[in-house]
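Computed from the coordinates by the stated procedures, all read-outs in this text should not be read as laboratory data. Keep in mind that what you see is a predicted model, and the values were worked out from it rather than measured. Quick reminder, even Gly has a Cβ in these numbers, built from the backbone with ideal geometry, and neighbours come from all protein chains shown.
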Ligand code: UDP
Ligand code: MG
């Protein structure tokens, strides 16, 4: 498993429709990596782009053999593309980075310095988020708060996939077999000596984000389902609380009937109770469904991705 690495740093870039970014990306990446003075490779994963990204990638690969390309058979989503890239990376340290230059390559040098000090993971924590709406910032903030409370392992706030991982960590990550790849969580789950460096997240250089709110919502659900079973457990407690309350209410009704005789009206309170309980039951079924669906995905044991071809690997 552990063949000796001849390359110091592998930079892994998931790419989905990023044709306008590639020239500038490689220019800036190579300039920064050359400055560090270690050997490197740039593993680009073409995640089923529908624009000219693949053609551009192959052209870059022909000009610079440090740029290597994994071409997936279709669009699998960023998390899987990243996993594929990490599988192919052969460096002693691996750095996942976005193709849109929202993660400044200048930070890699700082990460490498921390890595040399002996840390296994150096992750970049966002101080500011340029070019994002207040709504995105608001939802992101709340997401990190909620998952921080619910998750069994602490997931660092405001941290994306941009980080430097030692080979030890990469090998640990590769042993996690799950299909639901909530990378932020997996990175935290494996542990090791981790340290944060802070940075200001830039705007996208060109193109638009591939995430809409529906995708982000599902991404959040994936994360929560993968790292917490609180949504499953909560229902027994809620059920217990409701049963207790209804017992108290039943006692109250008995006493009242004894004291002031039978009283027929009660349609409104009946309706409220029935509807409320119906709602609670549907929500709990939904929560079970969220997990059941994911269990189904996992037990099918399909391969995470298929590679159509590779260049330079
Ligand atoms: N990406 C990908 N597959 C996808 C969507 C995105 O490989 O299905 C890549 C994309 O090319 C970019 C990175 O993931 O390099 C981050 O995407 P984006 O900038 O759209 O996300 P954001 O920065 O808005 O979170
Ligand atoms: Mg981006």
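Computed quantities for the displayed model
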item	result
Tilt relative to the chain, helix 230-260 - C-alpha long axis, 0 to 90 degrees, to 10	10
Estimated 222 nm signal from helices in the chain, with DSSP H stretches of n ≥ 4 weighted -39500 (n - 2.57), rounded to 500	-17000 deg cm²/dmol
Principal-axis tilt of helix 107-116 within the chain, Cα atoms, nearest 10 degrees	90
If the convex hull is drawn through the Cα atoms of the stretch 1-145, its volume per residue in Å³	145
Choice from 11, 70, 299 with maximal GNM fluctuation in the chain (Cα, 10 Å cutoff)	299
Cα long-axis angle, helix 267-300 against the chain (0 to 90 degrees, to the nearest 10)	30
26 Å tail of the calculated P(r), the chain, as % of Cα pairs	54
Mean projected area (nm²) of the alpha-carbon convex hull when the stretch 76-135 is viewed from all directions	5.6
Calculated FRET value between residue 238 and residue 272, using beta carbons and R₀ = 25 Å, to 0.05	0.90
Relative contact order of the chain, pairs being alpha-carbon contacts under 8 Å that are 6 or more residues apart, as %	23
Descending principal axes extents, the stretch 171-313, alpha-carbon based, whole Å	87, 37, 34
Most mobile listed residue (27, 152, 161) in the chain, GNM with C-alpha springs under 10 Å	27
The stretch 149-198 - Rg over Rh from alpha carbon coordinates, Kirkwood radius	0.93
Gaussian network model of the chain, Cα within-10 Å springs - most flexible of 257, 133, 83	257
Burial ranking of peptide ranges 95-106, 169-180 (average Cβ count within 10 Å, highest at the top)	95-106, 169-180
Rounded if a/c under 1.5, otherwise prolate or oblate - the stretch 100-242, Cα gyration tensor axes	oblate
